[in-house]
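Quick notes on the structure that follows.
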Amino acid sequence: MSQKTLADGSPAGAVAIEHGEAVASPRRWWILGVVAVAQLMVVLDATIVNIALPSAQTDLGFSDGNRQWIVTAYALAFASLLLLGGRIADLFGRKPAFLVGVVGFAAASALGGAANGFTMLVVARALQGAFGALLAPAALSLLNTTFTDARERARAFSVYGAIAGAGGAVGLLLGGVLTDALDWRWTLYVNVAIAVVAFAGGWILLGNHRDAANARLDVPGTVLVATGLFSLVYGFSNAETHHWGSPLTWGFLIAGGLLLVAFAWWQTRAAHPLLPLRILLDRDRAASYLAVLITGAGMFGVFLFLTYYLQLDLGFSPTKTGVAFLPMVGALMVTAQLGTTVLLPRIGPKAVIPLGFAVATAGMAWLTGIGIGSHYLSAVLPQLIVIGVGLGLVMPPAMQLATGGVAAEDAGVASATVNAMQQVGGSVGTALLNTLAASAATDYVAGRDATSKLVRAQATIESYTTAFWWSAGFFAAGAVIAFALHRRGVPRQDAGAAPVVHM
């Protein structure tokens with residue numbers, strides 16, 4: 001029998017069964033705050049270090065060629081270990097996975113902040129990615145199992161999705177402020193302060209669930225998916241510094257694809273699969289995973305290249321660059337609430353998510369109008385707001401649908417898959433857009449006076465607008481895919497999902 005343990009001060013992460021119905025934790029909104037803080041820490045680190053890179057490079061003396069590995073080391077470890085991290089949370093409990101992830105992430109951040117050379121900084125970034133791969137799926141699955149009411153879950157996921165979508169822009173702002181006011185090292189040290197809050201809240205509020213405690217870890221599946229995702233992200237990362245014809249690019253891409261195919265084959269035969277294929281076979285969930293992947297790829301067209309444009313062409317400082325992204329963040333957070341709590345329950349994902357992609361496509365296409373003499377208020381600000389409106393209708397609803405309706409023992413791995421899609425999408429998008437932008441700049445200079453400042457400036461603009469057009473193309477493809485795959489009507493309730501019982 002289940003035990004009623006909610007009103008008497010028991011761990012609030014628990015969900016009890018009373019009269020055959022799931023009873024939500026009375027502290028669930030505090031848990032949302034703790035989870036949001038932890039998720040913000042993970043998402044921030046995808047971009048917060050970017051603005052600090054020039055200062056770190058000057059301080060530590062590493063080359064331009066090595067600079068990308070400060071970002072890539074984090075992405076490689078994070079993407080390749082996410083599914084393992086999600087399954088560990090299911091097998092050994094979400095609370096210990098969450099707390100270990102928080103402490104490890106903070107320790108790795110402190111190590112990076114104290115780095116005395118390139119190697120130490122890269123190792124710290126890789127460790128951040130590894131502990132982030134444990135923390136992120138534990139946080140998302142805690143959210144999925146804490147909120148049992150459909151309306152409240154929609155509200156919770158609107159907050160979580162807004163953080164996931166806007167955290168990159170907030171990272172740019174915070175990175176700029178810390179670098180300008182203090183030192184580049186504080187873009188890493190700040191995680192220690194955030195982690196203290198997340199750990200204290202998690203220790204006090206969370207109960208422990210081991211919904212897949214009787215299962216075993218799928219070691220062959222873990223090796224296949226980790227090496228497959230590593231090869232895929234590594235191959236696309238090499239495309240930034242090597243030609244697409246280099247074996248270091250296409251060789252790793254082919255190897256990654258084959259390893260992931262082998263992983264999918266093994267999951268149909270494993271007694272305790274790392275990623276049960278039943279999670280992927282639901283149409284709405286599969287479409288949502290693809291939406292998160294495409295959004296991750298397209299968003300870098302906003303963050304990465306617009307950061308370059310604002311600083312190098314419009315002369316913005318790092319702090320002013322971060323502030324310039326805030327209107328997009330505000331628009332995204334507003335439409336995140338609207339999309340998940342109002343539109344999705346009424347008209348369903350087949351209308352909401354393609355609409356969001358269409359709006360984001362229009363905003364990205366509009367952003368291609370930037371030029372050498374453009375102004376932020378007319379050529380950037382309105383476009384950013386439109387993009388934020390569109391992404392707010394995509395990310396939070398997609399994350400909610402991607403993790404809703406799964407059995408409790410699969411919550412961690414389903415959550416990990418969402419994070420993996422976003423991270424892989426971002427890595428792929430960065431490599432593709434960087435390569436395409438560089439080619440566009442080279443093509444423009446060909447046949448013109450390469451010594452002319454005006455020609456070089458216009459070539460840079462061509463590289464930015466090419467990246468924006470391709471990002472618009474990603475979003476347009478997302479609209480078509482979401483419309484084709486999502487079911488008609490409103491999402492089905494999660495009645496079939498196993499409730500979480502704290503004994």
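Contact map, segment 182-199: residues that are at negative phi paired with residues that are in a helix (DSSP H, G or I) and of a type in the set (Phe, Trp, Tyr), Cβ distance under 7 Å, separation 6+ or inter-chain. Pairs shown: ASN191/PHE105; ALA195/PHE105.
The residue list THR430, THR451, THR442 contains one member that is part of a helix (DSSP H, G or I), over 18 Å from ILE370 (Cβ atoms), open to solvent by 10 Å² or more (accessible area, probe 1.4 Å) and modelled with pLDDT under 80, which is THR430. ARG27 satisfies every condition listed in (1) open to solvent by less than 40 Å² (accessible area, probe 1.4 Å); (2) out of contact with any strand residue (DSSP E or B) (no Cβ under 7 Å at 6 or more places or on another chain); (3) at pLDDT below 75 except (1).
Exactly one residue among GLY296, GLY322, GLY301 is within 20 Å of LEU433 (Cβ to Cβ) and at pLDDT below 80, and that residue is GLY301. For segment 87-112, filtering for residues that are under 14 Å from TYR74 (Cβ atoms) and touching a residue at least 60 places away in the same chain (Cβ under 8 Å) leaves 3. Filter segment 325-337 for residues that are open to solvent by 40 Å² or more (accessible area, probe 1.4 Å) and either over 24 Å from PHE474 (Cβ atoms) or at pLDDT 85 or above (or both) and give the result. Answer for segment 325-337, where residues must be open to solvent by 40 Å² or more (accessible area, probe 1.4 Å) and either over 24 Å from PHE474 (Cβ atoms) or at pLDDT 85 or above (or both): PRO327, VAL334, GLN337. Scanning segment 237-269 for residues being touching a helix residue (DSSP H, G or I) at 6+ places or on another chain (Cβ under 7 Å), of a type in the set (A, V, I, L, M) and at pLDDT 80 or above gives a total of 6.
Table: residues versus (1) at pLDDT 95 or above; (2) over 15 Å from MET299 (Cα atoms); (3) open to solvent by less than 40 Å² (accessible area, probe 1.4 Å).
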position	(1), (2), (3)
ALA351	no, yes, no
PRO354	no, yes, yes
MET364	no, no, yes
GLY369	no, yes, no
GLY373	no, yes, no
LEU377	no, yes, no
LEU384	no, no, yes
ILE387	no, no, yes
LEU391	no, no, yes
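The residue pairs whose first member lies in segment 430-442 and is more than 15 Å from GLY473 (Cβ to Cβ), whose second member is open to solvent by 40 Å² or more (accessible area, probe 1.4 Å) and at pLDDT 80 or above, and whose beta carbons are closer than 7 Å, counting only pairs six or more residues apart or on different chains, are ALA441/THR460; ALA441/GLU462.
Taking (1) farther than 25 Å from THR368 by Cα; (2) open to solvent by less than 50 Å² (accessible area, probe 1.4 Å) in turn, HIS242 satisfies each apart from (2).
Residues in segment 289-335 that are under 17 Å from the mean Cα position of the chain (by Cα) and of a type in the set (D, E, K, R): 0 in all. All conditions in (1) more than 24 Å from GLN400 (Cβ to Cβ); (2) at pLDDT below 85; (3) of a type outside the set (Phe, Trp, Tyr) hold for LEU277, with the sole exception of (1).
Condition (residue is within 21 Å of the chain's Cα centre (by Cα), of a type in the set (A, V, I, L, M) and modelled with pLDDT of 80 or more) applied to segment 41-48: is it met by at least one residue?
Step one: filter segment 41-48 for residues within 21 Å of the chain's Cα centre (by Cα), giving 41-48.
Next, from what is left, pick out any that are of a type in the set (A, V, I, L, M): 41-44, 46, 48.
Checking the rest, the ones that are also modelled with pLDDT of 80 or more come to none.
No - not one qualifying residue is present in segment 41-48.
For the residues LEU306, LEU253, LEU290, the requirement of being in contact with a Phe, Trp or Tyr (Cβ under 8 Å, 6 or more places away or on another chain), part of a helix (DSSP H, G or I) and touching a residue at least 60 places away in the same chain (Cβ under 8 Å) singles out LEU306.
For segment 58-109, filtered to residues that are in contact with a Phe, Trp or Tyr (Cβ under 9 Å, 6 or more places away or on another chain), modelled with pLDDT under 85 and of a type in the set (Gly, Ala, Ser), the residue that is nearest to VAL292 (Cα to Cα) is ALA79. Conditions: (1) hydroxyl-bearing (Ser, Thr, Tyr); (2) crowded, with 20+ Cβ neighbours inside 10 Å; (3) more than 17 Å from the chain's Cα centre (by Cα). THR403 meets all but one. Number of the miss? Result: THR403 fails condition (3) only.
Given the conditions (1) touching a helix residue (DSSP H, G or I) at 6+ places or on another chain (Cβ under 7 Å); (2) crowded, with 19+ Cβ neighbours inside 10 Å, report the number of the one that ILE461 does not fulfil. Every listed condition holds for ILE461 apart from (1).
The values are calculated or read from the model by the stated rules, or taken from the named source; none is laboratory data. Note that the structure is a prediction, hence the values are computed from the model and not measured. Cβ coordinates were reconstructed from backbone atoms using ideal geometry, including for glycine residues, and neighbour counts include every protein chain displayed. Side chains are part of the model used for accessible areas, which takes the heavy atoms of the whole protein and leaves out ligands, DNA and RNA. Shrake-Rupley method; radii C 1.70, N 1.55, O 1.52, S 1.80 Å.
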